[in-house]
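In what follows, a single structure is set out as C-alpha cells and then discussed.
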C-alpha cells in the first residue's frame, strides 16, 4: 500500500473494516492481535493497522519475535522505519 493511500485510510478513522492497534501505552500480545484478526474475518474483513493509535497517530509497532519483525532504524521518532535486510538467502 502506498504511503498516501495509507495516510488517507488512517485519516478516515476506525470503522467496521479498519482497526487500529497501538502500542504507545502497552505492548500488544499475540492474543490481542489474533482476536482482532478473527473478529474482522468473522465480519466483513478489513484492514488491521498495528502501530496506529486510536486517535490516528502513527507510533509504530514494538519489535516481537526477533529479527523477523525488527527494523534497522535507530530513531524512535522515525515515522516510516525501514526493515532490516534479511539474512536469509
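Rule-based calculations on the coordinates, nothing more; no lab input. Computed from a prediction, not measured in an experiment: that's the story for all the values here.
How much length would be gained if the chain were fully extended between residue 48 and residue 9, taking 0.36 nm per residue of separation minus their Cα-Cα distance, in nm to one decimal? Could the numbers behind the result be given before it?
Working: separation 39, 0.36 × 39 = 14.04 nm, distance 1.11 nm.
Once the chain is fully extended between residue 48 and residue 9, it gains 12.9 nm.
Solvent-free Debye calculation, one equal scatterer per alpha-carbon of the stretch 3-62: log10 I(q)/I(0) at 0.21 Å⁻¹ equals -0.81.
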